[in-house]
Amino acid sequence: MSRDANPDQALHAARRQRALDALGDGLLILPTAVESPRNGDVLHDYRPGSDFHFLTGFPEPEAVLLASRRGRGRHHSVLFVRPRDREREIWDGRRHGVAGARRRFGVDEAFEIGSFWRELPRFLAPHARVFHRLGADPAFDRRLFEVFAGEARRHRRQAPPAHPVLQDPLPALAAMRLVKDSAEQRALHAAAAVTVAGHVAAMQAARPGLHEYEVQAVLEAEFRRRGSVRNGYPSIVASGPNACVLHYHDNDRRLRPGDLLLIDAGAELQGCTADVTRTFPVAGRFTPAQAAVYRVVLRAQLAGIAACRAGAPWDAAHRVCVRWLTRGLVELGVLRGDVRALVRGQRFKPFYMHGTSHWLGRDVHDVGAYQDDAGRAAVLRPGMVLTVEPGLYFAAGDRRVPAELRGIGIRIEDDVLVTRGTPQVLTAAAPKELEAVERACGRQPGRAAVRRKARAQPGS
């Protein structure tokens, strides 16, 4: 069975019921993600659609969920899936098939996907509304409109509307996913633990002379060894001046003595992903300048995490981090003047140009509104999960900063669960206090062997 499969029938039935209660009367039509060609007859690695998987746990492509309310606390759910196919299963692996979809995933009915467009009109017939998001799959949308047009022609002389009203279900599903249920919180804890292990392994492995991609291999091997199906997003492994490129993905530079290595990477597990950044010295010790910048970023991050309390605006962490980073820029000699005036003038922007937080869950930049209808910042509630990731970036050629700071890029990122009390840092086990980072780097096998060899030399 695919590791993406989650046959917890009660969990997914309860989620569907909550979603349909939020949407109201009508038919939900929710296809999973479409397989994407890579080249020739090779496909990109497949991942089921986030909303679809959230409501079904079903892992395979070419699947559609239909669901509608049936009175108080009841609903009817239907899966259309690929049929069992002995020949295709020899090439691509075992399928659940129609019977397996119904038996293992707890839906009321299941049919072969090839019958979907033929069967859809009878499921549409009782409903005046259809919940479906346009744009994800234009080919699917065209076929759906053809069905609507056919039904309109067939019922053109009848009093009810000729075709149903179309409504986007994403806002309701996003609001539901924004507050994590207990199952998703457990999955996020698990993804965080795997991610932490990968980052620690990378700290222990990195040393001058390796390439960034060699450290990436250690990191991601640990993810896989601990059960992660895939990364939550492409790993950023950025050494030296590359750390000042926010979405650096080449990962091909050779590590040099004196470099910092910034790794932004997260493992996906049980449908959810972590998102962690750590910055550490590849030779095991921060230089005085690196340590000074690191302490500024860490101080800001700890203050930002403390601000992630229920009832606070979602961007409270950003506002706090900006103040502490700006104060730090003054302490480092990069900026001069009153901290409050510098913040108002956004003088920090050349060195801290991104936001501090985003929602986290099934997607690394998870669904959920950041503002209400009036444009006010969303309010944090228990069960929400967001990142806190301040940083400072001093480009190698930036003459506005002291020479000893040029080429330093530092970001520290953790995943924070909002609770009724103190925020819970899901990724707290990843070393980030300066001394703890140096200890983790000091456990490198290669470095220990070098020290033993040096001690064995005559006269040492």
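Nothing in this text is a laboratory measurement; each read-out follows from the coordinates by a stated rule. Remember, it's a predicted structure, so these values are computed and weren't measured experimentally. FYI the Cβ positions are ideal-geometry reconstructions off the backbone, even for glycines, and counts take in every protein chain you see.
Using the Cα gyration tensor of segment 179-449, with a ≥ b ≥ c the square roots of its eigenvalues, what is the shape: rounded (a/c below 1.5), prolate (a/b larger than b/c) or oblate (neither)?
Values: a/c = 1.92, a/b = 1.07, b/c = 1.80.
In terms of gyration-tensor shape, oblate.
With label points built 7 Å along Cα→Cβ from the Cα atoms of residue 70 and residue 434, find their separation and express it in nm.
6.4 nm
Quick one: 3J(HN,Hα) in Hz for segment 242-255, Karplus 6.51/-1.76/1.60 with θ = phi - 60°, rounded, Gly and Pro as x.
5, 5, 8, 9, 4, 10, 5, 9, 5, 6, 10, 7, 7, 5
I need the phi-derived Karplus couplings for segment 333-347: 6.51 cos²θ - 1.76 cosθ + 1.60, θ = phi - 60°, integer Hz, Gly and Pro marked x.
With the stated coefficients, segment 333-347 comes to x, 7, 10, 10, x, 6, 4, 4, 5, 5, 5, 4, x, 6, 6 Hz.
Taking Cα centroids, how far is segment 403-426 from segment 1-50 in Å?
32 Å
At 7 Å along the Cα-to-beta-carbon direction for both residue 250 and residue 168, put a label point, then send me their distance in nm to one decimal.
3.8 nm
So for 44, 53, fewest C-beta neighbours within 10 Å to most, what's the order? Please report the intermediate quantities before stating the final value.
Numbers: 44 10, 53 21.
Lowest to highest Cβ neighbour count: 44, 53.
Calculate how many DSSP beta bridges within segment 9-176 are antiparallel, expressed in % of all such bridges and rounded to the nearest 5.
Of the beta bridges lying entirely in segment 9-176, close to 55 percent run antiparallel.
Looking only at GluC sites (Glu not before Pro) in DSSP loops with at most 14 other Cβ atoms within 10 Å, what is the longest site-free stretch of the chain? Could the numbers behind the result be given before it?
Values: sites that count: 35, 433.
For GluC sites (Glu not before Pro) (loop position, at most 14 other Cβ atoms within 10 Å), the longest site-free span of the chain is 36-432.
Starting from the Cα gyration tensor of segment 194-333, take the square roots of the eigenvalues, sort them a ≥ b ≥ c, and report rounded, prolate or oblate (rounded when a/c is under 1.5, otherwise prolate if a/b is larger than b/c, else oblate). Each step should come with its number before you reach the end.
Details: a/c = 2.31, a/b = 1.18, b/c = 1.96.
Oblate is the answer for segment 194-333, as a/c is 1.5 or above yet b/c matches or exceeds a/b.
Quick one: which residues, 5 or more positions from residue 166 or on another chain, have an amide H under 5 Å from its amide H? H modelled 1.01 Å from N in the peptide plane, none for Pro or chain starts.
The answer is 130.
Compute the signed sum of charges (Lys and Arg +1, Asp and Glu -1) over the other residues within less than 14 Å, Cβ to Cβ, of residue 75.
Local net charge: +3.
Which of 187, 425, 348 sits closest to the plus end of the dipole of segment 179-449, meaning its Cα is farthest towards the positive end, when Lys and Arg get +1 and Asp and Glu get -1 on the C-beta?
Of the candidates, 348 comes out farthest on the positive side.
Once you keep just the Cα pairs under 8 angstrom separated by 6 or more residues, what percentage relative contact order results for the chain?
On the way: 902 pairs, mean separation 62.1, N = 460.
Computed over the chain, the figure is 14 percent.
Give me the percent of DSSP beta bridges within the chain that run antiparallel, rounded to the nearest 5.
Details: 40 of 49 bridges.
Antiparallel bridges: around 80 percent, rounded to the nearest 5.
For Cα extents along the principal axes in Å, one of [x] 94, 56, 40; [y] 77, 46, 37; [z] 98, 65, 48 was computed from the structure I shared and the rest are decoys. Which label?
Looking at Cα extents along the principal axes in Å for this model, the match is [x].
Using DSSP H assignments, which helices in the chain have an axial alpha-carbon span of 15 Å or above and a mean Kyte-Doolittle hydropathy of -1.0 or higher?
Numbers: long enough: 9-23 (21 Å, -0.45); 138-154 (24 Å, -0.51); 182-205 (35 Å, 0.54); 212-225 (20 Å, -0.66); 288-306 (27 Å, 0.85); 316-331 (23 Å, 0.26); 445-456 (17 Å, -1.04).
Helices passing the filter in the chain: 9-23, 138-154, 182-205, 212-225, 288-306, 316-331.
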